[in-house]
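Report on one structure; see the data block that follows.
The values are calculated or read from the model by the stated rules, or taken from the named source; none is laboratory data. No experiment lies behind these values; they were computed from the predicted model shown. A quick note on method: Cβ atoms are made from the backbone with ideal geometry, for glycine too, and the neighbour counts reach across all protein chains shown.
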Amino acid sequence: GAGVSQSPSNKVTEKGKDVELRCDPISGHTALYWYRQSLGQGLEFLIYFQGNSAPDKSGLPSDRFSAERTGGSVSTLTIQRTQQEDSAVYLCASSPLLTGSGGYTFGSGTRLTVV
Amino acid sequence: KNQVEQSPQSLIILEGKNCTLQCNYTVSPFSNLRWYKQDTGRGPVSLTIMTFSENTKSNGRYTATLDADTKQSSLHITASQLSDSASYICVVSAASRRRSQGNLIFGKGTKLSVKP
């Protein structure tokens with residue numbers, strides 16, 4: 001597609017339920033990032049995928065969070081046993097280059113509300 | 001510690017007026033600096049990107065400046081419009097042989113409101 005597509009755009013879930021957020025990056029982009037943006041806060045790095053390399057999971061806040069990227073394209077961020085503090089906008093970004101100042105394109109995000 | 005600080009946190013201006021947003025960083029080694037505009041409910045959209053050797057870059061009514069010596073950047077918006085109401089995020093990229101999560105350091109943004 002022309003841009004980074006994220007779905008759903010909004011998700012309301014009950015505390016304790018599992019949720020899956022999807023990111024469809026720009027075709028051909030080798031790098032994919034997940035970020036979390038809480039109200040009034042900056043973007044918080046979660047996880048980074050680059051090609052077939054092992055992902056950088058250093059930003060995941062707990063073991064309830066996991067992500068996978070199938071076939072080097074679509075990525076799914078899964079949050080298990082959601083908590084109210086998980087409420088945030090989850091943004092995905094992709095970029096085409098391995099190194100240097102390559103452009104990052106963001107999706108519109110998924111607004112997650114845990115009630 | 002690599003950090004990006006933005007000021008002011010929020011700003012209200014009248015339509016047609018100019019404004020300047022500030023970004024100070026302590027990222028090293030420095031690779032580049034980006035300004036993003038994030039409309040409510042949308043993902044950030046890139047406005048400008050500057051490398052070490054660039055002092056200024058324009059994108060329409062947006063002009064970004066960079067002083068790599070003082071590690072400061074500014075984003076100047078000329079003749080503001082209602083559609084400029086958004087959050088403006090400064091993002092600094094640290095130089096690395098291998099791209100990783102640590103390469104991008106985000107400021108918390110400045111929330112700009114343009115009133116008629």
Worksheet item: Conditions: (1) exposed (fewer than 15 other Cβ atoms within 10 Å of the Cβ); (2) in a loop (DSSP other than H, G, I, E, B). B:Glu54 meets all but one. Number of the miss?
Response: (1)
Item to complete: List the number of the failed condition for A:Ala93; all other conditions in (1) surrounded by fewer than 18 Cβ atoms within 10 Å (Cβ to Cβ); (2) in contact (Cβ under 8 Å) with a residue 60 or more places away in the chain; (3) in a strand (DSSP E or B) hold.
Response: (1)
Response to the item:
Note on A:Tyr48: of the conditions (1) touching a residue at least 40 places away in the same chain (Cβ under 8 Å); (2) touching a helix residue (DSSP H, G or I) at 6+ places or on another chain (Cβ under 9 Å), unmet is (1)
Discussion item. I'd like to verify a number: residues in the stretch B:84-102 that are surrounded by 20 or more Cβ atoms within 10 Å (Cβ to Cβ), over 20 Å from A:Ser38 (Cβ atoms) and either at pLDDT below 70 or aromatic (Phe, Trp, Tyr) (or both), how many?
Written reply: 1
Practice prompt. Select from the stretch B:15-36 the residues that are farther than 21 Å from B:Asn103 by Cβ and of a type outside the set (A, V, I, L, M, F, W, C) and write down the one among them that is nearest to the other protein chains (Cβ to nearest Cβ).
Written response: B:Gln22
Worksheet item: Picking from B:Ser46, B:Ser58, B:Ser73, which residue would you name as being under 30 Å from A:Asn10 (Cβ atoms) and within 14 Å of the chain's Cα centre (by Cα)?
Response: B:Ser46
Worksheet, complete the sentence: Within the stretch B:36-83, residues being modelled with pLDDT under 90 and out of contact with any strand residue (DSSP E or B) (no Cβ under 9 Å at 6 or more places or on another chain) number 1
Worksheet, complete the sentence: Residues of the stretch A:26-45 being farther than 16 Å from A:Tyr90 by Cα and free of Cβ contacts under 8 Å to residues at least 60 places away in the same chain, in sequence order, are A:Ser27
Worksheet item: When the residues of the stretch B:103-116 are filtered to those that are part of a strand (DSSP E or B) and modelled with pLDDT of 90 or more, which remaining residue is farthest from A:Leu46 (Cα to Cα)?
Response: B:Lys115
